[in-house]
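Trainee: Structure incoming, see below.
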Amino acid sequence: MDCDIEHLKSWIGRAETWADTATATPVRALAATLDRDDPEPRPGDTVPPLWHWLYFLPVHRQSEIGPDGHPKRGGFLPPVPLPRRMWAGSRLEFVRPLRIGHAISRTSRIADVSAKEGRTGPLVFVRVRHEVLDEGELAVVDEHDIVYRDNPRPDDSVPSARPAPADAQWRREIRPDDVLLFRYSALTFNGHRIHYDRRYVTEVEGYPGLVVHGPLIATLLLDELRRHRPDAQVARFAFRAVKPLFDTAPFQVCGRVEPDGTTVQLWAQDPDGALAMEATAALR
């Protein structure tokens, strides 16, 4: 498909603001989904890092949903005419915690739109900058990279896999079954069909199975850090998706603390040891 990149760039600077309340139920539900035995969240408790994704849900009307389950393009996000949409990565700064019961708001702005020619065709990248406030004070800065690409062709070559690091200090196996993916989709009100509609994801988008959400993998990486360093305070976190993971096989979330004691390398790897996501957390 032809992409009029100059037209798409006209979306740069567009912004929207949403208000919400950091209620306890989504926190309780995500803790259950991650198989955590946390105490009941109470007013004033902190919302764990990345769990701000439980709020400001995309409540578009059913008539506004596109064929892939996402909202139709051309509203806040530019109308990129490429069928596949993926969360490529994020860079986050945690300025202060969100707290249960507090009034929160998020202002999102299109920061950049760019295009390049990839190995299998055109790619369009959209960068969205979110600023989340808690009781009017800046709490989280979240820069989100979205990549759009064409559906695969039968003659496309398979990219070579990058081996994951072999020096993990901890690792845990995750079995991404249909229920886990459905629960996370429900919690984030994510209608993207690649995460729950097996017929669509295999027959239309050409994947071998249901795709594990990129933000779910990132959340599992930080959750693993919390399990091993429960008192750690995350100041910054960045992750990049390298290779998709599917519900057809378990994967591992791994990590190690650098000698400085404040930098943590985190990654997810598939059953063959190939790197699927790489991340870095900076602790206070």
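The values are calculated or read from the model by the stated rules, or taken from the named source; none is laboratory data. A quick note: this is a predicted structure, and the numbers were derived from the prediction, not measured. Methodologically, a virtual Cβ is constructed for each residue, glycine included, from the backbone with ideal geometry; neighbour enumeration extends over all protein chains shown. In case anyone asks, the SASA skips ligands and DNA or RNA and just uses the protein heavy atoms, side chains included. Shrake-Rupley method; radii C 1.70, N 1.55, O 1.52, S 1.80 Å.
Trainee: Go through A115, A111 for me and flag whichever is among the small types (G, A, S), touching a Pro at 6+ places or on another chain (Cβ under 9 Å) and in a strand (DSSP E or B). Don't jump to the end; show me each part of the working.
Mentor: Details: A111 fails: touching a Pro at 6+ places or on another chain (Cβ under 9 Å).
Every option except A115 fails the conditions.
Trainee: Right, something else. Any chance you could count how many residues in segment 34-82 are touching a Phe, Trp or Tyr at 6+ places or on another chain (Cβ under 6 Å) and either assigned to a helix (DSSP H, G or I) or surrounded by 18 or more Cβ atoms within 10 Å (Cβ to Cβ) (or both)?
Mentor: Total satisfying the criteria: 5.
Trainee: Pairs under 9 Å by beta carbon, first residue within 11 Å of A19 (Cα to Cα) in segment 130-141, partner outside any strand (DSSP E or B) and charged (D, E, K, R), six or more apart or different chains?
Mentor: Listed by first residue and then by second, the contacts come to D134/R96.
Trainee: Could you check, for segment 96-108, whether at least one of its residues is in contact with a Leu (Cβ under 7 Å, 6 or more places away or on another chain), modelled with pLDDT of 90 or more, open to solvent by 40 Å² or more (accessible area, probe 1.4 Å) and farther than 15 Å from T21 by Cα?
Mentor: Residues of segment 96-108 that are in contact with a Leu (Cβ under 7 Å, 6 or more places away or on another chain), as a first pass: 104-105.
Filter once more, so that each one left must be modelled with pLDDT of 90 or more: 104-105.
Still in the list and also open to solvent by 40 Å² or more (accessible area, probe 1.4 Å): none.
No, the conditions are met nowhere in segment 96-108.
Trainee: Any chance segment 185-194 includes a residue that's within 22 Å of F94 (Cα to Cα), assigned to a helix (DSSP H, G or I) and within 19 Å of the chain's Cα centre (by Cα)? Even if it seems obvious, please write down each step before you answer.
Mentor: First pass over segment 185-194, keeping only residues within 22 Å of F94 (Cα to Cα): 187-188.
Then drop every residue that is not assigned to a helix (DSSP H, G or I), which leaves 187.
Retained after the next criterion (residues that are within 19 Å of the chain's Cα centre (by Cα)): 187.
There is at least one residue in segment 185-194 that is within 22 Å of F94 (Cα to Cα), assigned to a helix (DSSP H, G or I) and within 19 Å of the chain's Cα centre (by Cα).
Trainee: Pairs needed: first member in segment 95-119, without any contact (Cβ under 8 Å) to a residue 60 or more places away in the chain and within 30 Å of G44 (Cβ to Cβ); second member anywhere, open to solvent by 30 Å² or more (accessible area, probe 1.4 Å) and among the polar types (S, T, N, Q); C-beta distance under 8 Å; at least 6 residues apart or different chains.
Mentor: Filtered contacts from segment 95-119: P97/T46.
Trainee: Okay, moving on. Identify all residues within segment 221-240 that are closer than 13 Å to A276 by Cα and buried (at least 21 other Cβ atoms within 10 Å of the Cβ); write none if there are none. Let's see the steps before the verdict.
Mentor: Of all residues in segment 221-240, those closer than 13 Å to A276 by Cα come to 221, 239-240.
Those that are closer than 13 Å to A276 by Cα and buried (at least 21 other Cβ atoms within 10 Å of the Cβ): L221, F239.
Trainee: While we're looking at this one, here's another question. Taking segment 182-203 as the search range and keeping residues that are touching a residue at least 60 places away in the same chain (Cβ under 8 Å) and β-branched (V, I, T), which one is farthest from R85 (Cα to Cα)?
Mentor: The residue in question is T188.
Trainee: Please pick out the residue among R256, R172, R183, R229 that is out of contact with any Cys (no Cβ under 7 Å at 6 or more places or on another chain) and either among the aliphatic types (A, V, I, L, M) or over 18 Å from R36 (Cβ atoms) (or both). Break it down stepwise before answering.
Mentor: Details: R172 fails: either among the aliphatic types (A, V, I, L, M) or over 18 Å from R36 (Cβ atoms) (or both); R183 fails: either among the aliphatic types (A, V, I, L, M) or over 18 Å from R36 (Cβ atoms) (or both); R229 fails: either among the aliphatic types (A, V, I, L, M) or over 18 Å from R36 (Cβ atoms) (or both).
Matching residue, one of R256, R172, R183, R229: R256.
Trainee: Condition check: free of Cβ contacts under 8 Å to residues at least 12 places away in the same chain, open to solvent by 70 Å² or more (accessible area, probe 1.4 Å) and either in a helix (DSSP H, G or I) or touching a strand residue (DSSP E or B) at 6+ places or on another chain (Cβ under 6 Å) (or both). Does V179 satisfy that? Give the derivation first.
Mentor: Details: free of Cβ contacts under 8 Å to residues at least 12 places away in the same chain: yes; open to solvent by 70 Å² or more (accessible area, probe 1.4 Å): yes; either in a helix (DSSP H, G or I) or touching a strand residue (DSSP E or B) at 6+ places or on another chain (Cβ under 6 Å) (or both): yes.
Spelling it out, V179 is indeed free of Cβ contacts under 8 Å to residues at least 12 places away in the same chain, open to solvent by 70 Å² or more (accessible area, probe 1.4 Å) and either in a helix (DSSP H, G or I) or touching a strand residue (DSSP E or B) at 6+ places or on another chain (Cβ under 6 Å) (or both).
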